[in-house]
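Enquirer: First the structure, which I've put down as structure tokens, then a few questions once you've had a look.
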Amino acid sequence: MLGLFVKKWFFNLWDNLLSTLALNVLFVIPLLSALFLPGRIASLSLFLAVFSSLILFLLAFVYAGICNRFTLDFAAGRNLDINKTGDYLKQSWLPSLALGAIAFGLIFFFSVGVPFYYELDSTIGDIVSVLMSLVTLFIVLPSQYYWPLNAQLEPKIKKLCKKCLFLLFDNLGFTLFMLVGGLVITVLSVFSLTLFPGITGLLLWYQVGLKLRMYKYGYLGTAGQDPLRETIQIPWTRLLVAEREQTGSRSLKGMFFPWKE
């Protein structure tokens, strides 16, 4: 299942390479503005710098929420349709703002709160750093399901959070695998100046992961209220036949010169 996960993600990304690059380029604008613009106006007003950083940061998350909806199209084998942008914005802006606010709060506390405690007492600073690191990890792990769940199943924020926690505890090993993959994609994106795989590639990673994982719950649904449900072995090979056929297999020649095969 994990091998198909990586393979499907890569082929979906490759098949939508130009669309991915275009979406990533547009994401760079609010992201770089949020990183560098506040520093230029901090000398004028600290409040204005923080406020402008927050607005630009949230705009980046709203845009990422739109990209997330497009990655669902990629995962389903559909091409980019720019005409859907307005609908995707209406469907995703509020959950995206909520996640962006949480992320900004964590970043702000790490950049302002932790140094403050270090100045008071290094021991307190160490304790606060450890606690905040644990809190951040606990937020990051389930949040990997947040955007794909929002696109595929759940529009309401409260239910989104509950389902994210359920998926975390019910699929801890798979969640850790997604985290490692997400970190690798993030590192690669830094070297490419966020152009590739970039935010679109990262969101597609989580989108494909949830799409494949949901086959598990479709299968478990057939078990009903069986008390032995926890012992059921998931027949991934049988469940993912259609996904394997859709993904197919390709050589390097076929990827770069598909018309020659």
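The values are calculated or read from the model by the stated rules, or taken from the named source; none is laboratory data. The model shown is predicted, which means the values in this text are computed figures rather than measured ones. Backbone-built Cβ (ideal geometry, glycine too); neighbour counts: all protein chains shown.
Enquirer: Could you grab me the full set of residues in the range 189-212 that are over 17 Å from PHE74 (Cα atoms) and of a type in the set (D, E, K, R)?
Expert: None; the set is empty.
Enquirer: May I ask you to list the residues in the range 71-102 that are closer than 18 Å to GLN152 by Cβ and among the β-branched types (Val, Ile, Thr)?
Expert: Residue satisfying the conditions is THR71 alone.
Enquirer: If you don't mind, there's one more thing I want to ask. I need every pair where a residue in the range 54-70 that is touching a residue at least 24 places away in the same chain (Cβ under 8 Å) has its Cβ under 7 Å from the Cβ of a residue that is outside any helix (DSSP H, G or I) and among the aliphatic types (A, V, I, L, M), sequence separation at least 6 or different chains.
Expert: Note: pairs meeting the criteria are PHE70/LEU80.
Enquirer: Name the helices (runs of 4 or more DSSP H) wholly inside the range 120-190 in which the number of residues that are aromatic (Phe, Trp, Tyr) and touching a residue at least 24 places away in the same chain (Cβ under 8 Å) is 2 or more.
Expert: Details: elements: 122-143, 146-152, 157-170.
Counting at least 2 such residues, we get 146-152.
Enquirer: Also, quick follow-up: Tell me which residues, restricted to the range 141-163, are under 11 Å from LEU99 (Cβ atoms) and surrounded by fewer than 17 Cβ atoms within 10 Å (Cβ to Cβ).
Expert: Of everything in the range 141-163, just one residue is under 11 Å from LEU99 (Cβ atoms) and surrounded by fewer than 17 Cβ atoms within 10 Å (Cβ to Cβ), namely ILE157.
Enquirer: Which numbered condition trips up LEU176, out of (1) surrounded by 15 or more Cβ atoms within 10 Å (Cβ to Cβ); (2) closer than 15 Å to SER143 by Cβ?
Expert: Of (1) surrounded by 15 or more Cβ atoms within 10 Å (Cβ to Cβ); (2) closer than 15 Å to SER143 by Cβ, only one is false for LEU176: (1).
Enquirer: Just one of the numbered conditions (1) of a type in the set (Lys, Arg); (2) exposed (fewer than 12 other Cβ atoms within 10 Å of the Cβ); (3) modelled with pLDDT under 90 is not true of ARG250; which one?
Expert: (2)
Enquirer: Given the options ILE66, ILE107, name the one that is at pLDDT 90 or above, surrounded by 12 or more Cβ atoms within 10 Å (Cβ to Cβ) and not charged (D, E, K, R).
Expert: Just a single option satisfies the conditions, and that option is ILE66.
Enquirer: From LEU21, LEU46, LEU97, grab the single residue that is in contact (Cβ under 8 Å) with a residue 40 or more places away in the chain and not charged (D, E, K, R). Quick ask: steps written out before the conclusion?
Expert: Details: LEU46 fails: in contact (Cβ under 8 Å) with a residue 40 or more places away in the chain; LEU97 fails: in contact (Cβ under 8 Å) with a residue 40 or more places away in the chain.
Unique residue meeting the criteria: LEU21.
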